[in-house]
Amino acid sequence: MAYRILLPLLGILAALAWGATWFVNGTTRSWFERDVQLRTRLVAAGAREALATYFRAGDRQKLAAVLDEIARDDRIMAAALCTPSMKPLARTSALPSRYACDALAKRGVVDAPKAGLDLFEEPDGGLVHAAVVPILDDDRIVAQLVVVHDLSFVARREAAMRRFTVGAFAVVALLASIATLLVRRFTWHRWTEEILRVLTLGRGVVWGPRTRQEKRFGPLLSDLRAMMTELASDQGVSAGGKWTPERLHGVLTDSLDGDRVVILANREPYVHDRGPDGAVHVQHPASGLVTALEPVMRACSGVWVAHGSGSADREVVDRRDRVLVPPGEESYAIRRVWLSESEERGYYYGFSNEGLWPLCHLVYTRPVFRVEDWRQYQSVNRRFADAVCEEVEGPDPVVLVQDYHFALAPRMIRERLPRATIISFWHIPWPNAERFGVCPWHREVLDGMLGSSILGFHTQQHCNNFLEAVDRFLEARIDRERNAVVLGGRESLVRPYPISIEWPDRRAATAPPVPRCRREVFAELGLGPDALLGVGVDRLDYTKGIEDRLLAVERLLERFPRFRGRFTFAQLAAPSRTLIPEYRALSERVDALASRINGRFAEGAWKPVVVLRAHHEPPAVFRYLRAADLCYVSSLHDGMNLVAKEFLAARDDERGVLVLSRFTGASRELTEALLVNPYDLEEASAALATALAMPPAEQAERMRAMRAHVGEFNVYRWAGRMLADAARLRKRDRLTNRLSIAGASEDDEALPRAGSPSPCARR
Ligand code: ADQ
């Protein structure tokens, strides 16, 4: 009897195995093809500048050297350079004669030089992909680059994939046959009945009298059922679809039961200053943290606890030191905390910015640790933690603690609100353990941060460094699989959440059209219509590599004289932390460097470097970003760098080139930028030259890819993922509480239940 079931089953599985092999092979081959085409285009784009330069100089030896460099890639078999009419110019020694310039010309490649042509050949059973890519110089085709990829690895992978698929289906067939036979032999009717009985307990459908055991698990089962439903909606949180303010607000109301958030950050999003005219002005501080969090707060509502630093801040708050913002919209509140001069000096300038800031950035600036600063840091963290506890509603609020100014606050808040969900985000890099151990209070800092439920960093590398530090300095258990630390019975998850900007960006949407921005900015800088403009936008901070950036501009003008008289670099530099000597010295060095470069190269009205030392309001920053031919972000070390992403947001015309330091968190995501080592002035100046000569089509291609990425991975997604993780933790905690109640004696009615209100425990 069994063969009547088994034979058709095996037939179906064999057909499925054949279909799957066919589908997998077809899909992987088309992936490989696309991959090779993309690699070819990137290789050609990378070599374009060098090839065009040596071609102009007629230096065949150097051309051959560039081709050899291209062919050093494992998968590239050979390369050649031909004239536009496919006459040979240079080639690598391993180039098979059937792909030489004239051989390709005979195959008709010469008829379609603009489009390039991809050929697939199978000599001796191997697989080869040859592509012809035009090399442009000033929009004119000067040569054709032939790149030959060896694709025999594709055939090998396809064979391995075939073997694996057939093997897997054979195992499935065997297991299915055994299962069929077993099922026939044993009936599992009683099993299903039992499961159904247990699952329906909580709904009141009971077969027979309920036992003590059933009563005990009743609440747990109803929670399990509720959790299944909620988990299904969680999948919606992390599933596809654009992240918008509305969707973020939805996470808050649906997954966090409408809880509002309390943000703790040193910098406030709106500063009230009394201007020289006597009137109160509102300023948006130049800060990456504020740029990212302000749109999140608009979407979520709640309270932002911050240091009241503006000269008119006290004049506009209510009796509880609160003011509603944004002006005119009033969707959330800022709660201002006042600091004395000595508190600000010790906590902000001292321990935070002379200690932790240089400690966490690999820029060879020595951190300074003073015991007096540390005392102020502790006491100011305590004051802010108290302010947070005054602002929360209920015993289990969601608190977002921001950055290195508040490493101790999570533990302090946890002591007073044991059931709070505390998400801390560290906006700067986290150094390796050895370096972190330089801080005399490294254990206290780690312990303070581990008061958090979730600890967020920009990259996995920063998470790994943090876990390494905990491993080395604390008696804590590290769960490597879950990236979690358990200390004193409490767990903190450690997760990468790469920060971003709002998208669509309000500032870009309200900015004037690109041609008008270009006209206005060129007029301000006194540039002619044919000028080329590079832009940098930063706080005046030694981590941002502003000096190296200007040196790269100088090297560009030395190496490529054709840009003299034509290229100007405008640096928007917001004064920052000016009470710290290192920052004042940097400011002077930048001025001296700009004068030296201008002294060397300036001709008539043209100056190569313009430093606009001022805080610019967001519309002004966006006008410059929209007017530029390139934006150079040259940070020596940067957690993320949001200016790079703002440049992309500003360029809805898909023009302009981003030159980006490899030492920014952003470089992990924005791989279509021209990535450089800012310390290497040869590489950086060559990238600037490549950017200035890049054809519009290539600019658009790179821009489109990066804009699509930032559009998807925007700041709402950043916050949404953290809040969704927080929501999951809260559900798990509630369930654990239920479980312990269910496990306790039935008479133990006095135990508190999760979610029941309890006053904020005051210290
Ligand atoms: P920051 O070090 O402040 O941020 P960044 O991410 O580049 O650096 O953001 C700077 C912000 O200030 C941007 O929004 C920019 O437009 C603005 N800005 C810069 N110069 C300005 C000027 N002259 N006038 C006006 N505005 C100006 C920290 C970390 C980063 C991380 C962010 C967010 O150091 O690595 O990306 O937090 O997490």
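The values are calculated or read from the model by the stated rules, or taken from the named source; none is laboratory data. Just so it is clear, the structure is predicted and the values come from calculations on it, not from any experiment. All Cβ positions, even for glycine, are placed from backbone atoms using ideal geometry, and neighbour counts span all protein chains on display. Ligands, DNA and RNA are excluded from the accessible area calculation, which covers all protein heavy atoms including side chains. Shrake-Rupley method; radii C 1.70, N 1.55, O 1.52, S 1.80 Å.
Which residue pairs have Cβ atoms closer than 9 Å, lie 6 or more positions apart in sequence or on different chains, and pair a first residue in region 627-648 that is without any contact (Cβ under 8 Å) to a residue 40 or more places away in the chain with a second residue that is open to solvent by 10 Å² or more (accessible area, probe 1.4 Å) and part of a helix (DSSP H, G or I)?
Short answer, once both residue conditions are applied: Ala644/Ser667.
Restricting to region 595-623, name every residue that is open to solvent by 10 Å² or more (accessible area, probe 1.4 Å), within 13 Å of the ligand (Cβ to nearest atom) and assigned to a helix (DSSP H, G or I).
Correct list: Pro618, Pro619, Ala620, Val621, Arg623.
Hey, can you tell me all the residues within region 709-743 that are at pLDDT below 75 and open to solvent by less than 20 Å² (accessible area, probe 1.4 Å)?
Residue satisfying the conditions is Ala742 alone.
When both residues are 6+ apart or on different chains and their Cβ atoms are under 7 Å apart, which pairs have a first residue that lies in region 607-621 and is closer than 20 Å to Cys517 by Cβ, and a second that is within 10 Å of the ligand (Cβ to nearest atom) and in a helix (DSSP H, G or I)?
If the second residue must be within 10 Å of the ligand (Cβ to nearest atom) and in a helix (DSSP H, G or I), the pairs left are Pro618/Arg507; Pro619/Arg507.
What do you reckon, is Ala684 more than 12 Å from the ligand (Cβ to nearest atom), surrounded by fewer than 18 Cβ atoms within 10 Å (Cβ to Cβ), of a type in the set (A, V, I, L, M) and modelled with pLDDT of 95 or more?
It is false that Ala684 is more than 12 Å from the ligand (Cβ to nearest atom), surrounded by fewer than 18 Cβ atoms within 10 Å (Cβ to Cβ), of a type in the set (A, V, I, L, M) and modelled with pLDDT of 95 or more.
It is to be established whether one or more residues within region 336-349 are touching a Cys at 6+ places or on another chain (Cβ under 8 Å) and either within 28 Å of Pro429 (Cα to Cα) or surrounded by fewer than 22 Cβ atoms within 10 Å (Cβ to Cβ) (or both).
Scanning region 336-349 turns up no residue that is touching a Cys at 6+ places or on another chain (Cβ under 8 Å) and either within 28 Å of Pro429 (Cα to Cα) or surrounded by fewer than 22 Cβ atoms within 10 Å (Cβ to Cβ) (or both).
Yes/no per residue for (1) surrounded by fewer than 17 Cβ atoms within 10 Å (Cβ to Cβ); (2) under 18 Å from Val148 (Cβ atoms); (3) within 38 Å of the chain's Cα centre (by Cα); (4) free of Cβ contacts under 8 Å to residues at least 60 places away in the same chain:
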{"site": "Leu7", "(1), (2), (3), (4)": "yes, no, no, yes"}
{"site": "Gly19", "(1), (2), (3), (4)": "yes, no, no, yes"}
{"site": "Val24", "(1), (2), (3), (4)": "yes, no, yes, no"}
{"site": "Ser30", "(1), (2), (3), (4)": "yes, no, yes, yes"}
{"site": "Asp35", "(1), (2), (3), (4)": "yes, yes, yes, yes"}
{"site": "Thr40", "(1), (2), (3), (4)": "no, yes, yes, no"}
{"site": "Gln61", "(1), (2), (3), (4)": "yes, no, no, yes"}
{"site": "Glu69", "(1), (2), (3), (4)": "yes, yes, yes, yes"}
{"site": "Ser93", "(1), (2), (3), (4)": "yes, yes, no, yes"}
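Of the residues that sit in region 412-434 and are of a type outside the set (A, V, I, L, M, F, W, C) and within 30 Å of Val363 (Cα to Cα), which one is most open to solvent (accessible area, probe 1.4 Å)?
Among residues in region 412-434 that are of a type outside the set (A, V, I, L, M, F, W, C) and within 30 Å of Val363 (Cα to Cα), the one most open to solvent (accessible area, probe 1.4 Å) is Glu434.
For Ala585, are the conditions met, namely being away from the ligand (no atom under 13 Å from the Cβ), among the small types (Gly, Ala, Ser) and either assigned to a loop (DSSP other than H, G, I, E, B) or at pLDDT 95 or above (or both)?
When the stated conditions are applied, Ala585 passes them.
Would you call Asp629 at pLDDT 95 or above, acidic (Asp, Glu) and open to solvent by 50 Å² or more (accessible area, probe 1.4 Å)?
It is false that Asp629 is at pLDDT 95 or above, acidic (Asp, Glu) and open to solvent by 50 Å² or more (accessible area, probe 1.4 Å).
Please enumerate the residues belonging to region 133-168 that are open to solvent by 10 Å² or more (accessible area, probe 1.4 Å) and part of a strand (DSSP E or B).
Result: Val133, Pro134, Leu136, Asp137, Arg140, Ile141, Asp150.
Could you please tell me which pairs satisfy a Cβ distance under 7 Å, a separation of 6+ or placement on different chains, a first residue in region 523-550 that is among the aromatic types (Phe, Trp, Tyr), and a second residue that is assigned to a helix (DSSP H, G or I) and open to solvent by 20 Å² or more (accessible area, probe 1.4 Å)?
Every condition considered, the pairs that remain are Tyr542/Glu582.
Go through region 534-566 residue by residue and tally those that are more than 16 Å from the ligand (Cβ to nearest atom) and outside any helix (DSSP H, G or I).
Residues that pass the stated criteria total 4.
For region 624-663, name all the residues that are near the ligand (Cβ under 7 Å from one of its atoms) and in contact with an Asp or Glu (Cβ under 8 Å, 6 or more places away or on another chain).
If the condition is that a residue be near the ligand (Cβ under 7 Å from one of its atoms) and in contact with an Asp or Glu (Cβ under 8 Å, 6 or more places away or on another chain), then Val643, Glu646 are the ones that fit.
So which of Val485, Val470, Val494, Val399 is touching a helix residue (DSSP H, G or I) at 6+ places or on another chain (Cβ under 9 Å) and touching a residue at least 60 places away in the same chain (Cβ under 8 Å)?
Answer to the selection: Val399.
Out of Arg107, Arg75, Arg98, which single residue is of a type outside the set (A, V, I, L, M, F, W, C), within 30 Å of Leu688 (Cα to Cα) and outside the structural domain of Ala684 (by TED's automatic domain parsing)?
Arg75
Quick one: would you say Leu572 is within 14 Å of the ligand (Cβ to nearest atom) and open to solvent by less than 10 Å² (accessible area, probe 1.4 Å)?
yes
Just for helices (runs of 4 or more DSSP H) wholly inside region 335-416: which have at least 3 residues that are within 26 Å of the chain's Cα centre (by Cα)?
By residue number, 357-360.
Would you tally the residues in region 664-681 being away from the ligand (no atom under 12 Å from the Cβ) and open to solvent by 30 Å² or more (accessible area, probe 1.4 Å)?
8
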